[in-house]
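One structure below.
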Amino acid sequence: MILIDNTAFLNLYNLIYFCTACLVLASALSSEIKKDVLLQNKLGQYLVFLPLIFLIFLVGLREYDVGADTVSYFDILWNETSELNFSDGILFGLIASTLRYFNLGYTYFLLLISFLFYIITYKSLKNYTEKFESNLLITFFACISFFFYLSMSINVIRQGVSLAFLLLAYSLWLGKKNNIIILLCMFLSLAFHLTSIIPILIFISSVIISKIRTFNLLILIYLFSIILSYFNYGFLNFSSVFLDFLGDDRHADYFSDEVSDYSIGFRPQFVIFNTFFLFVSLYVKNKLTDIDLSYQYNILVSYYIIASVIFFMAFQLPFSDRWGLFSWCVIPLLISPLFYSPFVKEKIKIHYVLILILIYIGFYFYDK
């Protein structure tokens, strides 16, 4: 089986992104000029399969040096001398053990994980966009425009699949679907990565906060957390509590500043990034015309604010971007109503697509 090396992978990924961008721009222009929003939203449900299928095979057939953690997973899951660790999510190791039992190689594992990540993400977005009647293709395009979605697919893949299942659970909850299926999705999320308990607890808190209407207080807490983080106050100040609880668990490293090869401290670029999309979400919140959707959207914004606060408090710690994923993963959902949802009264919308392209280009050159 021919695998895709790092250089070819990046070139092909950029090509897929460019082709998807052309499709999205054509759809947006048609919606603006011909006013055929309903037609373009319907077409988007089919056109989304083009980038979806290509990305599944591109990510699944990559060489083992594509993605910083890909080779680490190979050593842990496929190295005969390594013991499988089920302490922080049994399902990942179970899938690997099953494939190894049938003498299937690591590439089959990567292909299966890629399939799970993208298909579950697609199903989540489909459920969500159906609720808001927004454009599925543009919402999926928003996902691949953000740097963290590529990382979730090739680097922190356990956390990526785990969060994808949580988004699916949320989309089912939003559509008031079967509670058993929702609980199953949450269980699968935890089975892939136990850290999913954090966004689950954040979401429960968001539902409670939305009922008691303390939204302005949340904004103040958000601003206060930025100030605290700037002056180097955060989880590290309480690390002894976490370290006593974790003991010798390998996750104890996450609550220590002893990892020398990882940038720690205040991260202004991430504060600006999260704050920008907070402003966007507040804008959408004020533009929504449906009462029921407004209530559901308020819960999502509350979740985003709380998750961002936790992220800022983790700036002192190594691997803080993994804390950032708890807030970042819902950004495509927050901005999705802008993509031709009839519940948001807006006129100029193609600008939002151009901003997504600029974000992709900006982070592409930032990582150079």
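The values are calculated or read from the model by the stated rules, or taken from the named source; none is laboratory data. Everything numeric in this text was worked out from a predicted model, so none of it was measured. Neighbour counts are summed over all protein chains in view; Cβ atoms, including those assigned to glycine, are modelled from backbone coordinates with ideal geometry. Heads up: the accessible areas ignore ligands, DNA and RNA and are worked out on the full protein's heavy atoms, side chains in. Shrake-Rupley method; radii C 1.70, N 1.55, O 1.52, S 1.80 Å.
Comparing Y340, Y222, Y283 in a Gaussian network model of the chain, where Cα atoms under 10 Å apart are tied by springs, the biggest mean-square fluctuation is seen for Y283. Accessible area per residue (1.4 Å probe, heavy atoms of protein chains only) ranks I200, I361, I119, I2 as I2, I361, I119, I200, with the largest value leading. Ligands, DNA and RNA are left out, and with a 1.4 angstrom probe the accessible area of the stretch 309-368 is 38 Å² per residue. Placing a label point 7 Å from the Cα of K123 along the Cα-to-Cβ direction, the residues of the stretch 150-177 whose backbone N falls under 11 Å from that point are 165-166, 168-169, 172.
In the chain, the calculated helix contribution to ellipticity at 222 nm averages -23500 deg cm²/dmol per residue, counting -39,500 (n - 2.57) for every DSSP H run with n ≥ 4. Taking A169, A26, A314 as the candidate residues, the one with maximal mean-square fluctuation in a Gaussian network model of the chain, Cα springs under 10 Å, is A26. Magnitude of the charge dipole for the stretch 1-159, about its Cα centre and with charges confined to Cβ atoms of Lys, Arg (+1) and Asp, Glu (-1), is about 660 debye. Kirkwood hydrodynamic radius of the stretch 1-40, from the reciprocal of the average inverse Cα-Cα distance over all distinct pairs: 12.0 Å.
Between L3 and L39, the C-beta separation translates, for a Förster distance of 56 Å, into a calculated FRET efficiency of about 0.90.
Using C-alpha pairs below 8 Å separated by at least 6 residues, the relative contact order for the chain is 20 percent.
For K177, the lysines whose Cα falls under 16 Å of its own Cα, not counting residues fewer than eight places away in the same chain, are K123, K126, K131. Computed over the chain, the P(r) tail beyond 30 angstrom holds 39 percent of alpha carbon pairs.
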